[in-house]
Amino acid sequence: MQKIFFLLVFTIQLSAQNFTVSGIVKDSLNGTPLSLANVFISELNSGTTCNSNGKFEISFSKKGEYQFTFSFIGYEKVTRLINIPHDKFIEVSLLPSEIWLGETTVISSLPKFRETPVAFSVLTSKDINLRLGSKEAIHILETTPSSYISQQGGGIGEQRLSIRGFDQTNIAVMINGIPINNPENGEIYWSNWAGISDIIEYIHVQRGLSAIPYSISAIGGSVNFITTGSSALNPGAKFKTEFGSDNLKKSAVSFTSQLTEKIGLTGLVSKRTMDGFADKVYSDELAYFLALGMLFDDVSIQVQLFGSPQKHGQRLTPQTINDWSNYGKEYNADWGNLNGKPLNLRDNEFHNPTLSINQNWQITKDLVWNNIISLSRGIGGGTVPPWYPELSRTETGQIDFDKEWQLNSNNIDSIYSPNLNKSVIALRKGIHKNYRANLISVLGYNFNNLKFTIGFDGKYYEAQNYNQLSNLLGGDYTTWSNDVNDNPNKMLYVGDKVDFNADSFTRSFGSFFQVEYLKDPFSAYLNLALSKTQYNQINYFNFLKTDPNRETGWKSFTGASFKAGINYNINGYNNVFFNIGNFSRAPLSMNVYDYENNVYGNSRNEKIFSFEIGYGLKTEITKLSLNYFSTDWKDKAFSQAFTSNETQAIYYYSLFGASARHSGIEFDGILKVTQNLQLNTMFSYLNNKWTSDIDAAVRPESNPNDEINFHTFSNNLYVGDFPMTTASIGFYYENEISNKVKVYFNPIYNFYGRYYSKFVPESRTNSNDANIQPWRLPNFYYVDLHLGFEILLDHQVIKNLNISFNLFNILNQEFISDAIDGETHNAQSALVWFGRERWWSTNIVLEF
């Protein structure tokens, strides 16, 4: 009875005083609220735990100053002195503990505002959850300056990315700091990473040469996807379901568990299917992810496994504007009917499971050694058309597979067989198998205001590429494999290798040194890197087994880079920065040899020089950056075959002399209009031009007097395939209707202009084309709308319910998203892709 009386009196006193402080605890890197973070008050020897939204509320019976300690597993503690009742709301950001995450190299190399002297943008998992919807992860970059993402033909994972007018072969794309560009051609096959949007914690986009310490020579910039670590998510589970236009269906289940105080586990599985917005551009994909984190005294280990097996239909044949008008915007020239069922001429299936191990050793307080190993084994391929003859078509423009079936199924060739039908046309399946290994080893040392980083990075890549017969289209066999080691009259069946068969190898090694200085108001960095890149190829079809030319032999190229930058904080709000860089980059393999082992003579490095100057402003309600950049690209390589004037022999050479300058102004800004309303805006205005003609004289070593002259008329032409004016403006409104219900509303306007169609300078050899610009696409814009609400349930099982709705191209604008310049350099001859019409998706998320 006394206990009850004491409790009642205490409760009445507590209510009467009514000294309450509330607040929120967030992740300092991405702003994500930390569910179940701990809040401890020393004077009371007690505390509380944040709710699932990272919020807390504590009542006090006495005024005064109290010491609050905020903590969460995997994060560094923060202690603050709080005045009661003066401090009514507290916002605290906790920094992820590098030793716990095991991502020291990744985290420490990320740019920081008012510190790192480069132009960059940061996108968080919150941005992805708010406005990505059913788009692929790369589309989240649409609101960053000088970025352009196109769906091209509309196939899942068929996107292309450009930054500052440089295509994705000139952009370093990474996952947790590990490059995923194809080492041979620099391409990114986004379909291999189809489910990655579900596991991204944040994305760092550095435009230009970037401040990445590794020996990566990125011209346009770098994109680093940082995935969820085993200790980065809040403990619990999540179920997500998504549906939308074109029969989109997706489900995902994820969990995070702290197995012990020093071992954490995170996992995710998702499944997505969709019919596609173009004819027969279907998709069927599965994604899985598992992360295990372990801490042993001063050593942490993070193991991650990710894979996304998928199959999707493709649309790879652009049309003229007139053809699109005749056939309709959903038309796909890459399929037809066979015996009453659709058959894709172009499709793709692939699985590229990737295992990464990140080990971090805190040797001393100031000395850290980090090692990252990544291993992957990819296998897959897709249907490809026959080389010749051309397939028949119906009046509606589709492939007439039935006609080919009829011809093949009634074609007896007695030379080969008296009763089996010979296929004149057969479909192939391109097979690609690869193995890749990456290693990054970094030693970092802090000394007073200096940080020294020295390291090594290396990668090895090998690939098998060949075609095999996949569909004889009514026949029983075909002939002529194109293998010089095989009988040309051999009868070939489904599964036999045809057309080409080659193995390719790439290996590269690099070392780097970087020193950083940080003492307010100055910060600066200097980076030096060396690298060696080597290519080799074995062609099994074009050369006899005894011919030494069936292997190109290792072709080596040495690259070097120099980068430096300085930032000056004028005061607590304003800063300016400057960076400069110069590097020599090894050519891509396609400029060293072709599939037939023809080695291009005179291959050498490309040269890049860039500088950038910028300004930043950060206040309690504003964050903006403004910068100017200029990048000179010299000795851009182009490969060409030449026919001798005297002997008609064919020679293969890499041509140099083409130069381009990409320059422009970029602006990125955030304004917090009110506590509930935020304005996000972006603008970029670029001027990208070719600054020279190619003027070459080819003299074969076997006959130096047999001179072949080559000249282009490319000087002063705009670099195509990129809108040089981009702008975006969006309003984000968020309001808590009650202490358990929050709604948000986010319309975004995107504009693209001064967009010239794609062309290659080496094609401009006709003097009549001099000074004629490639066709300019019409300017276009579209508006997306994102809205939703979050409900805090605080149920024993279900904590939160989130529902979001995304409407893309809400005004249903018709626009051309891509164009290839035609012979007459106008709208009539250009081959184009149209952008997607209005579409939508809805997400429902339950958090447990």
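The values are calculated or read from the model by the stated rules, or taken from the named source; none is laboratory data. In this text, all values refer to a predicted model and were calculated from it rather than measured experimentally. Please note: Cβ atoms are built from the backbone with ideal geometry, for glycine as well, and neighbour counts cover all protein chains shown. These accessible areas exclude ligands, DNA and RNA; they are computed on the full protein's heavy atoms, side chains included. Shrake-Rupley method; radii C 1.70, N 1.55, O 1.52, S 1.80 Å.
Rounded to a whole number, what % of the accessible area of the chain do carbon and sulfur atoms account for, probe 1.4 Å? List each step's numbers first, then the result.
On the way: 20450 of 36930 Å².
About 55 percent, which is the carbon plus sulfur part of the accessible surface.
Expressed as a whole number of Å, what is the distance separating the alpha-carbon centroids of the range 270-323 and the range 759-828? Each part's Cα centre sits 20 Å from the other's. For the range 402-519, a simple Cβ point-charge model (Lys and Arg +1, Asp and Glu -1, everything else neutral) yields a dipole of about 580 debye relative to the Cα centre. Each Lys and Arg adds +1 at its Cβ and each Asp and Glu adds -1 at its Cβ; summed about the Cα centre, the chain shows a dipole of about 2040 debye.
What order do you get for 561-574, 539-552, 386-399 when each peptide is scored by the mean count of other beta carbon atoms within 10 Å, highest first? Before the final figure, lay out each step's value.
Working: 561-574: 16.8, 539-552: 15.1, 386-399: 13.4.
Highest-to-lowest ranking by the protection proxy: 561-574, 539-552, 386-399.
With a simple spin-label model that places each label point 7 Å from the Cα along the Cα-to-Cβ direction, the separation between residue 284 and residue 741 comes to 4.2 nm.
Relative to the longest principal axis of the Cα atoms of the chain, the long axis of helix 2-17 lies at roughly 70 degrees. Of 717, 120, 494, which is farthest on the positive side of the dipole of the chain, counting Cα position, with +1 on Lys and Arg Cβ, -1 on Asp and Glu Cβ, and the Cα centre as origin? Going by the Cα projections, it comes out as 120.
Within the range 724-761, find all residues whose amide N lies under 11 Å from a label point positioned 7 Å from the Cα of residue 55 along Cα-to-beta-carbon. Answer for the range 724-761: 735-743. Here each label is just a point 7 Å from Cα along the line to Cβ, and for residue 711 and residue 439 those points are 5.2 nm apart.
With a/c under 1.5 counting as rounded, go ahead and sort the range 151-271 into rounded, prolate or oblate using the C-alpha gyration tensor (a ≥ b ≥ c being the square roots of the eigenvalues; past the cut-off, prolate if a/b is larger than b/c, else oblate). Show your work: numbers first, answer last.
Numbers: a/c = 2.81, a/b = 1.33, b/c = 2.10.
Oblate is the answer for the range 151-271, as a/c is 1.5 or above yet b/c matches or exceeds a/b.
For the chain, the solvent-accessible area works out to 44 Å² per residue, with a probe of 1.4 Å and every protein chain left in place.
Among the listed pairs 88/126; 250/740; 636/758; 271/742; 135/618, those whose Cα-Cα separation exceeds 21 Å are 88/126; 250/740; 271/742; 135/618. In this structure, residue 534 and residue 602 have a Cβ-Cβ separation that, at R0 = 30 Å, corresponds to a calculated FRET efficiency of about 0.95.
Toward the positive end of the charge dipole of the chain, with +1 on the Cβ of Lys and Arg and -1 on the Cβ of Asp and Glu, the farthest Cα among 378, 601, 822 is that of 378. Phi angles of the range 277-286 translate, via the Karplus equation with coefficients 6.51, -1.76, 1.60 and θ = phi - 60°, into HN-Hα couplings of 8, 10, 4, 6, 9, 7, 8, 8, 9, 10 Hz per residue; Gly and Pro are given as x.
Of all DSSP beta bridges located in the chain, what percent are antiparallel, nearest 5?
Working: 348 of 363 bridges.
The antiparallel fraction comes to roughly 95 percent.
For the range 404-510, the tally of Lys pairs with Cα-Cα distances below 21 Å comes to 6, considering only residues 8 or more apart or on different chains.
May I ask you to compute the full-extension gain from residue 339 to residue 783, defined as 0.36 nm times their residue separation minus their alpha-carbon distance, rounded to one decimal in nm?
Value of the extension gain: 155.6 nm.
Think of the range 106-211 as having a plus end and a minus end, set by charges on the Cβ of Lys, Arg, Asp and Glu; of 170, 154, 143, 143 sits farthest toward the positive end of this dipole.
Between residue 582 and residue 323, full extension at 0.36 nm per residue minus the direct alpha carbon distance yields a gain of 88.7 nm.
Order these peptides, 411-417, 429-435, 62-68, 830-836, by their mean beta-carbon neighbour count within 10 angstrom, highest first. Walk me through the numbers before you get to the answer.
On the way: 411-417: 12.3, 429-435: 17.0, 62-68: 14.1, 830-836: 19.9.
Per-residue mean Cβ counts within 10 Å order the peptides as 830-836, 429-435, 62-68, 411-417.
Coupling constants for the range 472-482 follow from the phi torsions by the Karplus curve (6.51 cos²θ - 1.76 cosθ + 1.60, θ = phi - 60°), and in residue order they are 7, 6, x, x, 9, 7, 9, 9, 6, 7, 6 Hz; glycine and proline get x.
Ranking 724, 294 from most to least accessible surface, computed with a 1.4 Å probe over the protein chains only, gives 294, 724. Each residue, residue 826 and residue 796, gets one label point 7 Å from its Cα in the Cβ direction; the gap between the two is 7.6 nm.
FRET efficiency for the pair residue 487 and residue 562, taken as 1/(1 + (r/R0)^6) with r the Cβ-Cβ distance and R0 = 60 Å, rounds to 0.60. Bridgeable aspartates and glutamates around residue 519 (alpha carbons under 14 Å apart, same-chain partners fewer than 8 residues away excluded): 115.
Classify the range 172-223 as rounded, prolate or oblate from the Cα gyration tensor: take a ≥ b ≥ c as the square roots of its eigenvalues, call it rounded if a/c is under 1.5, otherwise prolate when a/b beats b/c and oblate if not.
oblate
Between residue 409 and residue 848, the contour length at 0.36 nm per residue exceeds the alpha carbon distance by 152.1 nm.
Need one number: convex hull volume per residue for the chain, Cα atoms only, in Å³. Before the final figure, lay out the partial values.
Values: hull volume 159.9 nm³, N = 848.
Measuring per residue, one finds 189 Å³ for the Cα hull of the chain.
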